[in-house]
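A.B. asks: My questions all concern the structure below.
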Amino acid sequence: MIAAHSRRVVAPALLVALVGCQFTRDHGGPAPSPISPSSRTLEGATARRFDFLLESYDSDRDGAVSRAEYRRDDRAFGNLDRDGDGAITAADFARGAGRGDARPDAEAKSRQVARRIFDVYGCYVNTDGQPGITRAEWTSAIDALGIDDDTRLTAANFEPLLGPDGAAKMAPMVGMMFRTLDVDGDDDAGKADLLAAFDAVDANDDGVASTDEVPVPPGVGEVAPDFTLRHADDPSRSVTLSSFRGDKPVALIFGSYT
Amino acid sequence: MAFYIVYIREAHAVDSSWPMLHDNKAGETQFIEDPIDEIERAKVAGACVADLGLPMPALVDSIDDAVNSSYRGWPDRLFLIDAEGKVAYSGGRGPFFFAPDGLEQSIRRVLGLQD
């Protein structure tokens, strides 16, 4: 039995072959010349994306894809029609294209950062086996990282939680976190700011950042959310997670091709 | 042990808010649009599994992203569910904190294997 288990443990080593970012992140390949006049002002991958859309949807060959020509959903069209003029054009792919959305206020920014923190790091903080994160868990994590009221956050602050390699990976994000956590503009992002972020998320003030208030992955000790999903290669077959209870552990690898 | 890919919403579809292109192993550029129904998502999942030679079966999340939402799986994340149906490993959010080593250590622990 143990030998059989050992053989099965080889499979996790294969997980290393799953490139950590969305299964595959090969950005390479030479860029062909743009094939349409409308894309000549664009370069590289941006031009290729626009060419793909024209080839797929520009049925009247006018160099733009109207909503009527675009056969997919509103969400995707909204992502592509960045300037909101009702058509997908080269201008939507030019550098700086966008709607210039109004910047959120300080409290909204704090809430946005808190949501992101919880999504990224919630799995390290949510350790009580119950859904959601309590203010006590949040405070304990802050104290464990040695963050006080005067802290200017650096990647080094996260080493106790993530290790040196994990903290190094965080370095590009810390600057962003610092700027948006410093809601009161006193040039630090310390314990008070992090607690304020929690309070901004805890909309009903019950001391728990619950899963309907903020995205938090299920933590160790929690009952795994059940599901029934179909096989990709045979939709007549499905798998229910709870069917494995009392039988065997299940590893779940969430991801996508892109 | 059972291993499953839970195939979820694309991270960098060409029509997403953060589009990227990539080449498959044959060097052909893939223009992946974000699937709008489960049939389409299953097709892209199949292409992914085939191209990367992934050894475990892929299950397709519903197009309302229900399982992705309950596990916060996007863009990629690892979990281990023990034989009692409880979370034994809750991985960090990908790409930076996607940690196969952490999952492997948890599997060894749950199976009672020595390092």
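A.B. asks: Neighbouring Cβ atoms within 10 Å as the yardstick, rank A:Thr127, A:Thr89 fewest first.
C.D. replies: Lowest count first: A:Thr127, A:Thr89.
A.B. asks: Evaluate the relative contact order of chain B (contact order divided by residue number), counting alpha-carbon pairs under 8 angstrom at least 6 apart; express in whole percent.
C.D. replies: 21
A.B. asks: Using alpha carbons only, how many angstrom separate the centre of the range B:60-104 from the centre of the range B:1-45?
C.D. replies: Each part reduced to its Cα centre gives a spacing of 17 Å.
A.B. asks: Measure nothing fancy, just the Cα-based angle from helix B:100-111's long axis to the longest principal axis of chain B, in degrees from 0 to 90, nearest 10.
C.D. replies: Here the helix axis deviates by roughly 40 degrees.
A.B. asks: Another question, if that's okay. Which far-off residues, 5 or more places away or on another chain, put their amide H under 5 Å from the one on B:Lys86, with H placed in the peptide plane?
C.D. replies: A:Ala224
A.B. asks: Could you please rank A:Trp138, B:Trp18, placing first whichever residue has the fewest other Cβ atoms within 10 Å of its Cβ?
C.D. replies: B:Trp18, A:Trp138
A.B. asks: Once both axes come from the Cα atoms, what is the angle between helix B:38-52 and the longest principal axis of chain B, in degrees from 0 to 90, rounded to 10?
C.D. replies: The helix B:38-52 is inclined about 70 degrees to chain B.
A.B. asks: Continuing with this model, one more query. On a straight-distance basis, which lysines could pair with B:Lys43 in a cross-link, Cα separation under 25 angstrom, same-chain partners fewer than 8 positions away excluded?
C.D. replies: Answer for B:Lys43, where 25 Å is the Cα cut-off: B:Lys25, listed by chain and number.
A.B. asks: Using Cα positions and a limit of under 13 Å, work out the aspartates and glutamates in reach of A:Lys248, with same-chain residues fewer than 8 apart set aside.
C.D. replies: In chain and number order, the partners are B:Asp82, B:Glu84.
A.B. asks: Lysines near A:Lys169 by alpha-carbon distance under 25 Å, same-chain residues fewer than 8 away left out - which ones?
C.D. replies: Hits, sequence-local ones excluded: A:Lys109, A:Lys191.
A.B. asks: Given H placed 1.01 Å from N in the peptide plane, which residues other than close sequence neighbours of B:Ile32 have an amide H under 5 Å from its amide H?
C.D. replies: It is B:Val14, by chain and number.
Where a number appears in this text, it was derived from the coordinates with a stated rule and is not lab data. On a predicted model such as this, the values are computed, not experimentally measured, just so you know. As a convention, Cβ positions derive from the backbone with ideal geometry for all residues, glycine included, and neighbour counts pool all protein chains shown.
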